[in-house]
Amino acid sequence: MPELAELPGVGSARIISREEHSISRKDISPNALKVLSRLSKAGFHGFLVGGGVRDLLLGKKPKDFDVATNATPEEVKNLFRNSRIIGRRFRIVHVRFGREIIEVTTFRGAPETHITVKDKSTRRNLKNVNAAQNEDGLMVRDNVYGRIDEDAKRRDFTINALYYTTEGFKLLDFCNAISDLKGCQIRMIGDPQERYREDPVRMLRALRFSAKLSFRISDETAAPVESLSDLLSGISPARLFDELIKLFSSGYSQSAYKLLRKSGLKNALLAPTFLALEQCQPEETRLLELAFSNTDARIALEKSVTPYFLFAALLWPPLRLTMRQTGCKLLDSSPRFLDLANKALAEQSQFTSIPKRIGYACREIWELQGRLTARDRQTVDATLNHPRFRAAYDFLLLREAAGEELGDSGEWWTVYQFGDDTQRKELIEDLPRAIRRRRRKPRAAKNKS
């Protein structure tokens, strides 16, 4: 087992003994402990790092555990048959234990020089390049390895740069992170402008951590955000989609929404929604707020949250605004409405990607609103058995709770779903029959002599 004192760079850390912190091994994933143990037996140093350490110190249950080590990705992979190296920009190792993945990263170093790339074609030819950035400062390759103190300075925020070792069960603090945890503060490591240029998504991460932890973003960390918000346009729409889902699926979406609305990032991420909110009806704003509170409540009960429901709510204000502007009153499967629904999805896709399955489900939720409010005997059961019925029904209840006048639609469908046969029969008998036009029989062709 290697000695901690022999690890290069460890001398610059404030070392916090077991008696001075609250982390206990019983709260750590057994699989993460296995990774640390095997690294140690092989002569390497391994540390728990990042959000897992932060959450343990805050008395929260971490969702996952990450490990940092002085072993290279290839050395880690050789130690674990159940692992694979992923990533080009950052090379990391995923060690899989059933459904749990322990992410292992090699200590990052500060590159002495960067190659500056100007276009994507140049970027494709970076196989043997360890460090490269584009003209805006965005890191497109960052695989320079170094000491543990250098690794700490390469992390984003101080509260994510604490290292826990099973050797004496100590904590290593290189960035005054303990002070920021006690002060409930999110502070960038290094110069915020430079760090945001390296990875603009850090601006969203600051907002997400602020919402999740109820921490204040320090003034120097928040100051450059609005002026640098355009840098998000250089991030792939697919990555921004993932970040948006993380932002609103963390269990603190209400707080995240309020912070985003006040920040300079709102139009870089959800411009169609925030522009529509300036002109929309009060009940549409209220629906969005209720959608977030319901999402947080479901997550608190450990229930699943579907991205398509979130997007159906997020894009509801721009959809309704466009409907009013074009005089479209019906939510149905007509070509006119579907064109407007596709337009709402396409406009948002300019900022974040929307996978086809998500867009299709959003349209189904919106289309079903018409069938839920305009009921007839012939379509009730088909509507009830629709795969997206439950989501559409929940959306209908949100609309009513937000103040929309939809008759007794929500109560009607609640009784019809959960009532007995007698109640269902009475509800059906009160419905109008669908008006069906009789098809004319084609005229018989006249015989020509």
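No value in this document is a laboratory result; all are computed from the given coordinates. None of the values given here were measured: they were computed from a predicted structure. Virtual Cβ from ideal backbone geometry, glycine too; neighbours counted across all protein chains shown.
Find out how many positive minus negative residues lie around residue 13, taking Lys and Arg as positive, Asp and Glu as negative, among other residues whose Cβ is under 9 Å from that of residue 13.
Once positives and negatives cancel, what remains is -1.
Among 385-391, 102-108, what's the highest-first ranking by average C-beta atoms within 10 angstrom per residue? Intermediate values should be presented prior to the final figure.
Values: 385-391: 14.7, 102-108: 22.9.
Ranking the peptides 385-391, 102-108 by packing returns 102-108, 385-391.
So, counting K/R as plus one and D/E as minus one, what does the shell of residues with Cβ under 15 Å around residue 411 add up to? Each step should come with its number before you reach the end.
Values: positive: 375, 399, 424; negative: 394, 400, 404, 405, 408, 426, 430.
Summing Lys/Arg as +1 and Asp/Glu as -1 gives -4.
Using amide H atoms built 1.01 Å from N in the peptide plane, name the residues 5+ places from residue 100, or on other chains, whose amide H lies under 5 Å from its own.
Amide H to amide H, under 5 Å and 5 or more residues apart or across chains, residue 100 pairs with nothing.
Placing unit charges on C-beta atoms (Lys and Arg positive, Asp and Glu negative, everything else neutral), compute the dipole magnitude of the chain about its Cα centre in debye, rounded to 20.
Rounded to the nearest 20 debye, it is 2480 debye.
In degrees between 0 and 90, to the nearest 10, how far off the longest principal axis of the chain does helix 237-248 point, with axes built from Cα atoms?
The helix 237-248 is inclined about 90 degrees to the chain.
With everything on Cα atoms, drop me the angle between helix 389-401 and the longest principal axis of the chain, reported from 0 to 90° to the nearest 10.
Value to nearest ten degrees: 90.
Please give, to one decimal in nm, the separation of the simple spin-label points placed at residue 338 and residue 167, each 7 Å out from Cα toward the Cβ.
Using points 7 Å along Cα→Cβ, the separation is 6.5 nm.
Using Cα springs under 10 Å in a Gaussian network model of the chain, which residue among 429, 243, 100 shows the largest mean-square fluctuation?
Comparing 429, 243, 100 in a Gaussian network model of the chain, the most mobile one is 429.
Using a cut-off of 13 Å between beta-carbons, work out the net charge of the residues near residue 100 (Lys and Arg +1, Asp and Glu -1, residue 100 not included).
Summing Lys/Arg as +1 and Asp/Glu as -1 gives +1.
Near residue 61, which aspartates and glutamates are there with a Cα under 18 Å away, not counting those fewer than 8 places off in the same chain?
27, 100, 103, 296, 302
Subtracting the Cα-Cα distance from 0.36 nm times the residue separation, let me have the gained length for residue 329 to residue 110 in nm, one decimal.
Working: separation 219, 0.36 × 219 = 78.84 nm, distance 5.84 nm.
Full extension from residue 329 to residue 110 adds 73.0 nm.
Give the Debye-formula value of log10 I(q)/I(0) at each listed q (0.16, 0.19 Å⁻¹), with one equal scatterer per alpha carbon of the stretch 277-383, two decimals each.
-0.80, -1.08
On full extension of the chain, what length is gained from residue 12 through residue 381, given 0.36 nm per residue of separation minus the C-alpha to C-alpha distance?
Result: 125.9 nm gained on full extension.
Hey, what number do you get for the chain at 222 nm if only DSSP H runs of n ≥ 4 count, each worth -39500 (n - 2.57), divided across all residues, to the nearest 500?
Taking each H run of at least 4 residues, the total per residue is -13500 deg cm²/dmol.
Can you pull the three principal axis extents for the Cα set of the stretch 321-384, in Å, largest first?
Reported extents, whole Å, longest axis first: 42, 28, 16.
Of all DSSP beta bridges in the chain, what percent run antiparallel (nearest 5)?
75 percent
Could you list, in their original order, any pairs among 34/63; 258/303; 77/246 whose Cα atoms are separated by more than 26 Å?
Details: 34/63 17 Å; 258/303 23 Å; 77/246 29 Å.
Violating the 26 Å limit, Cα to Cα: 77/246.
Most mobile of 59, 51, 11 per a Gaussian network model of the chain (Cα springs, under 10 Å)?
59
Only Cα pairs within less than 10 Å get springs; with that Gaussian network setup on the chain, which residue of 110, 392, 312 has the largest fluctuation?
110
Over all directions, the average projected area of the alpha-carbon convex hull for the stretch 4-263 comes to how many nm²?
14.0 nm²
Which FRET efficiency, nearest 0.05, do residue 281 and residue 42 yield, Cβ-Cβ r, R0 56 Å?
Once rounded, the FRET efficiency stands at 0.35.
Please give the charge dipole size of the stretch 4-263, origin at the Cα centre, charges +1 on K and R Cβ atoms and -1 on D and E Cβ atoms. Round to the nearest 20 debye. Don't skip to the end; give the middle numbers.
Working: 45 positive and 33 negative charges, 208 e Å.
That gives a dipole near 1000 debye.
Identify which of the listed values of Rg and Dmax of the Cα atoms in Å was calculated from the structure shown: [x] 23.0, 73; [y] 27.5, 111; [z] 21.0, 72.
Calculated Rg and Dmax of the Cα atoms in Å: the matching label is [y].
What is the angle, in °, between the Cα long axis of helix 316-326 and the longest principal axis of the Cα atoms in the chain? Nearest 10 is fine, range 0 to 90.
It is inclined by approximately 40 degrees.
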